[in-house]
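To start, the structure under review is shown below, and the notes come after it.
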Amino acid sequence: MSEENTMFTAEKGSLSINSENLFPIIKKWLYSDKDIFIRELVSNAVDAIQKHRRLVSLSEASASDEEYRVDITLDKDAKTITISDNGIGMTAEEVKKYINQIAFSGASEFLEKYKDQSEDPIIGHFGLGFYSAFMVSELVEIETLSYLPEAEAVHWSCDGTSTFEMAPGTRPSRGTDIILHVNEDGESFLEKYEMQDIAYKYCSFMAIPVYLQDKADLTAQDESVIDADEVSPEDQETGDAEAEEKKPQPINDPTPLYLKAAKDCTDEEYKEFYRKVFHDFKEPLFWIHLNMDYPYNLKGILFFPKLGNEFESAEGQVKLYCSQVFVADNVKEIIPEFLLLLKGVVDCPDIPLNVSRSYLQNDAQVKRISEYITRKVADKLTSLFTTDRENYEKYWEDIHPFIKYGCLRNDKFYDRVKDALIFKSLTRDKYITLKDYLEAAVETHEGKIFYADDARQQAQYLSMLKDQNFDALELPSTIDVPFISFLESKEPSPKFLRVDSDLSEFLGDNTETISEEDAKQAETLFRFLLDKEQLKVSLRSMKDASVSALMELSEEDRRMQEMMKMYGAMGLGGMDMNTESTLVLNKKNDLVSYILAHGDEDKARTLAQEIYDLARLAHAPFTAQELTAFLSRSQQLLKGLI
């Protein structure tokens with residue numbers, strides 16, 4: 001044995017740190033979640049294996065038939081959590097360099113040395129990542145043996161102060177064990193089911209198989225092996241088969257679907273991946289496979305779940321990974337806000353993370369990645385619209401809130417998808433574009449778009465429009481209110497008008513003129529008969545003589561009301577608009593003519609109240625009290641027919 005590899009002398013020392021308060025900082029501030037230590041330690045173990053695998057490929061280390069793996073072992077009796085790997089291991093000098101000198105990154109040095117021959121990613125740090133172990137531990141030990149020939153095992157320990165102990169170790173084979181003696185706050189991590197959830201969260205796609213084991217289960221397995229020596233060959237064969245079935249399985253998938261090329265993935269594989277990752281057994285509508293190698297590396301899959309008409313309660317989940325290591329859910333810096341309504345996985349080794357890997361650094365590249373994802377989603381939508389219109393229309397009810405929200409939040413997204421925006425035509429009973437609608441309206445109501453937000457409630461208005469061969473669009477969602485204002489600001493011609501706004505220009509009989517005196521007389525009479533001195537009343541001639549009256553509210557006033565209502569619901573206060581609808585009387589209607597001629601009779605009062613309520617009923621829902629009064633009066637009118 002050379003002098004360089006002779007047994008080293010046990011020693012004690014102080015960690016090379018710049019601050020005596022580093023451990024409190026690590027425990028309380030550096031990492032946002034206490035369970036993050038699993039991610040850091042397991043990713044370090046994966047790094048160590050990746051390094052060894054690379055050295056083997058370069059013929060700088062000996063190959064073996066041993067399966068590369070990382071083991072997380074829980075021991076409730078000893079109150080320890082052990083993370084083991086069969087990777088590159090460390091010599092005593094490397095322990096001093098990478099562990100005792102906190103924040104010296106072994107991964108960085110290794111990458112620099114082999115940067116021209118690098119294929120597998122090295123994502124961890126022996127340094128601050130390792131020291132996350134002290135978030136849950138009162139004592140941390142390392143047992144490690146380097147892959148180098150004739151290397152000696154090393155034991156290292158630290159109790160969370162700035163001092164450590166190093167001595168010869170006992171590990172018999174290449175690799176590293178990190179033993180955490182958990183403190184009182186960390187005892188919950190000894191529960192297998194809790195650790196299973198945590199390990200799956202952080203390690204589900206790590207590139208090396210990760211196994212979770214309970215020491216008690218391992219002891220029971222060892223005892224069953226001893227008992228098996230006493231059974232017959234036939235029973236032994238049966239037992240072997242059962243044992244094979246019970247053989248521990250890794251908790252992770254080292255080759256997740258998003259790493260494959262889209263052409264190599266089947267629809268069923270996408271659906272199964274979605275079910276497994278998001279525990280959602282409703283099938284996604286469709287998906288986008290992201291795969292980019294230049295100018296940065298990014299892979300992933302975004303799924304469009306069924307959102308329904310409203311998006312306020314929709315909770316998407318876009319998981320961000322860095323080289324198959326989980327970083328966070330819904331990182332707004334890289335996933336545009338409106339895309340957070342989706343579900344998906346995005347893996348980008350090039351994202352600049354801070355030292356805890358929990359937050360993105362402010363970097364121009366992050367913006368470019370975000371823009372790329374936005375562009376890919378927009379391209380997928382426009383491609384569906386162009387090449388698969390039938391299915392696109394089937395999806396529309398579920399995806400339109402997301403698309404409209406995206407347009408409101410991101411101008412570039414709107415520019416890419418604006419030609420793929422479709423709307424349900426209530427007259428034609430099919431989906432059309434705004435361009436289709438406006439082209440059909442050139443000769444009758446150029447630049448005007450009629451719409452209904454409650455087709456059942458506004459059925460009378462829709463019937464009148466249909467009789468005049470006018471089309472109306474259905475816009476029932478809450479997001480449609482700001483969206484149509486947005487469209488009006490973006491495009492020069494369209495003006496949206498709800499079917500119960502002032503449409504006299506289109507539905508009125510403009511051949512008949514009504515004098516100011518007649519209009520004033522009708523207003524005064526109906527205010528008197530209805531006992532509503534502030535009621536707005538308008539007398540007009542409509543093309544349809546069967547309609548006695550309508551309630552009308554200007555588009556501007558109604559939108560302002562809705563905006564104030566929205567602000568109030570958000571607790572932001574707002575002005576009291578006090579805007580009221582106008583009762584529009586149809587001079588051509590026989591009932592209105594009778595009331596105008598017999599205004600001093602009780603019958604005229606009853607008819608006026610009925611006409612008023614019928615107009616309101618087609619305009620907006622009644623309160624319980626209003627509905628009771630209307631039904632009672634209607635019964636009295638029916639009795640008069642007997």
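The values are calculated or read from the model by the stated rules, or taken from the named source; none is laboratory data. Quick caveat, the model's predicted, so the values are computed rather than measured. Just so you know, the surface numbers come from the protein's heavy atoms only, side chains and all, with ligands and any DNA or RNA stripped out. Shrake-Rupley method; radii C 1.70, N 1.55, O 1.52, S 1.80 Å.
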Point to revise | Long-range HN-HN contacts of Asp253 with modeled amide H, under 5 Å | key: Phe205, Met206
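Could you state, as a whole-number percent, how many of the C-alpha pairs of the stretch 315-460 are farther apart than 25 Å?
Values: 4482 of 10585 pairs.
Percent of Cα pairs beyond 25 Å in the stretch 315-460: 42.
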**Study point:** Under the Karplus curve 6.51 cos²θ - 1.76 cosθ + 1.60, θ = phi - 60°, whole-Hz ³J(HN,Hα) for the stretch 539-548, x wherever Gly or Pro sits
**Key:** 9, 9, 9, 9, 5, 9, 5, 6, 8, 7
Review point. Given H placed on each backbone N at 1.01 Å, which residues far from Val327 in sequence or on other chains put an amide H within less than 5 Å of it?
Key: Leu320, Tyr321, Cys322
**Study point:** Alpha-carbon Debye profile of the stretch 496-558, log10 I(q)/I(0) at 0.21, 0.27 Å⁻¹
**Key:** -1.01, -1.26
Review point. When the Cα atoms of the stretch 430-501 are enclosed in a convex hull and the volume is divided per residue, what value in Å³ results?
Key: 93
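Does the stretch 455-496 come out rounded, prolate or oblate by the C-alpha gyration tensor, with a ≥ b ≥ c the root eigenvalues, rounded set by a/c under 1.5 and, if not, prolate when a/b is larger than b/c and oblate if not? Let's see the in-between values first.
Working: a/c = 4.27, a/b = 1.57, b/c = 2.72.
It is oblate, given that a/c is not under 1.5 and a/b is not larger than b/c.
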Point to revise | Solvent-accessible surface (1.4 angstrom probe) belonging to Glu371, in square angstrom, nearest 10 | key: 70
Check your understanding: Which ³J(HN,Hα) values in Hz, rounded to whole numbers, follow from the phi angles of the stretch 164-175 under the Karplus curve 6.51 cos²θ - 1.76 cosθ + 1.60, where θ = phi - 60° and Gly and Pro get x?
Key -> 9, 10, 10, 7, x, x, 10, 5, x, 10, 3, x
Review point. Under a 5 Å amide H to amide H cut-off, with H placed in plane at 1.01 Å, what residues pair with Ser137 once short-range neighbours are removed?
Key: Asn183
Revision key, fill the gap. For Cys322, the accessible surface traced by a 1.4 Å probe with all protein chains present amounts, in square angstrom to the nearest 10, to 20
**Study point:** In Hz, Karplus ³J(HN,Hα) per residue of the stretch 201-215 (6.51, -1.76, 1.60; θ = phi - 60°; x = Gly, Pro)
**Key:** 4, 8, 10, 4, 10, 4, 6, 10, x, 10, 10, 10, 9, 9, 4
Point to revise | Ranked order, Arg69, Arg409, Arg174 - accessible area, probe 1.4 Å, largest first | key: Arg409, Arg69, Arg174
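Give me the 1.4 Å probe accessible area per residue for the stretch 378-515, excluding ligands and nucleic acids, in Å².
Working: 6590 Å² over 138 residues.
Computed with neighbouring chains in place, this is 48 Å² per residue.
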Check your understanding: Ordering Thr478, Thr9 by how much accessible area each has at a 1.4 Å probe, largest first, what is the list?
Key -> Thr9, Thr478
Exercise for review: Roll a 1.4 Å probe over the protein heavy atoms and report the accessible area of Lys79 in Å², nearest 10.
Suggested key: 90
**Study point:** Rounded Å value of the spacing that divides the Cα centres of the stretch 518-541 and the stretch 396-469
**Key:** 35
Review point. Ranked from the most accessible area to the least, with a 1.4 Å probe and all protein chains present, what is the order of His400, His619, His279?
Key: His279, His619, His400
Check your understanding: How many percent of the accessible area of the stretch 434-484 is carbon or sulfur, using a 1.4 Å probe?
Key -> 45
